[in-house]
1. Condition test on residue 140, is it exposed (fewer than 12 other Cβ atoms within 10 Å of the Cβ), within 40 Å of the chain's Cα centre (by Cα), at pLDDT 75 or above and not hydrophobic (A, V, I, L, M, F, W, C)?
2. What is the number of the single condition among (1) part of a helix (DSSP H, G or I); (2) closer than 30 Å to residue 280 by Cα; (3) at pLDDT 55 or above that residue 85 does not meet?
3. Scan segment 257-271 residue by residue and report those that are assigned to a helix (DSSP H, G or I) and out of contact with any Leu (no Cβ under 9 Å at 6 or more places or on another chain).
4. Which of the residues belonging to segment 130-162 are farther than 30 Å from residue 83 by Cα and free of Cβ contacts under 8 Å to residues at least 12 places away in the same chain?
5. For segment 272-289, which residues satisfy the criterion of being assigned to a strand (DSSP E or B) and of a type outside the set (A, V, I, L, M)?
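The values are calculated or read from the model by the stated rules, or taken from the named source; none is laboratory data. Just so you know, these numbers come straight off a predicted model, no measurement behind them. Cβ placement follows ideal geometry from the backbone for every residue including glycine, while neighbour counts extend to all protein chains displayed.
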Amino acid sequence: MLLAALLLPLTLLSGGAGSPASAAPSQASLEAQLEQLNRQADQLVEEYLQSKLVLARVRKIRDDMRRQASGAERDLRALQATLGARAAAAYVQGAGNTLAAVLNSEDPASAIDRVQVLELLASHDGDLLDRLGLAGKAYDARKQDLAAAEREAAAEVARLDAKKAEVERAVARTRELLRQMKARSASPSPTPSPAPSPPPSSGGGSGAGAAAVRYAMAQVGKPYCYGGAGPSCYDCSGLTMMAWRQGGVSLPHSSSAQYSVGRRISASELQPGDLIFRYSPISHVSMYIGNGQQVSATHTGDYVRVQSASNPNIVGYARPNG
């Protein structure tokens with residue numbers, strides 16, 4: 001179980017404290033455990049963001065169906081009103097001399113005559129009755145589709161809430177591991193220091209890419225928060241999404257979704273503003289800024305920072321404005 005794996009680092013930290021046979025984990029061991037925990041938390045965040053995208057699509061479908069159902073209902077009511085008006089007019093005015101004679105008759109069989117009137121009306125207005133029937137069926141179908149979409153949206157909300165709670169537990173455990181690492185450190189610092197902010201390369205990037213880099217670099221030093229899209233904190237895809245929005249390009253809030261909508265490029269084609277994707281399945285994205293460096297919202301307890309763009313976990317590159 002994933003949550004059991006998330007609990008493991010804290011168990012190792014706290015377990016065996018009173019046992020002389022158990023050596024305290026080394027700093028290197030704690031850092032390796034933290035790296036694993038961050039990877040797992042990143043994947044949970046990505047699944048959470050994917051669930052949000054699915055939920056947004058379901059809600060859009062639901063809203064579209066609600067509008068269609070309303071339109072079908074209006075059509076149904078209008079046809080009913082038209083048919084009622086024409087039936088009333090036929091009764092009052094008659095449909096020729098034969099119909100007038102039937103309506104004016106005092107014959108005891110007038111009930112049967114009135115049935116004949118309806119048959120005559122049906123023959124004259126069969127097309128209208130057909131339209132009325134089709135409108136009714138369309139309305140019923142739209143109502144059924146709408147109900148199904150709403151059930152699906154409700155189920156997705158429940159899945160999303162469960163995923164969000166799972167992410168929150170992972171985040172809490174990451175913070176606790178960070179706290180314990182700092183307590184063990186010989187020279188702890190209150191917070192991680194953001195990397196220096198070298199000026200991004202001015203060569204090669206498009207206008208949109210340059211705007212994206214300027215925005216991302218202006219966020220260096222702001223804290224990471226899962227699901228964050230600024231202005232006070234960011235997760236990895238929230239940073240790249242907001243940065244590219246400044247260049248007029250719309251990206252989804254998900255690293256794997258951003259990879260799917262970008263134009264794939266090679267490492268040799270990288271220009272400032274291009275996106276770098278890591279892990280399989282993809283759960284992290286950063287932005288190339290030139291000179292072999294990237295800007296990234298890293299993980300819980302850290303900041304938006306500038307780093308080396310080299311990493312063995314890279315799985316691909318993409319250009320959003322491609």
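1. no
2. (2)
3. Passing the criteria: 260, 267, 268, 269.
4. Of everything in segment 130-162, those that are farther than 30 Å from residue 83 by Cα and free of Cβ contacts under 8 Å to residues at least 12 places away in the same chain turn out to be 148, 151, 154, 155, 158, 161, 162.
5. 277, 278, 284, 286, 288
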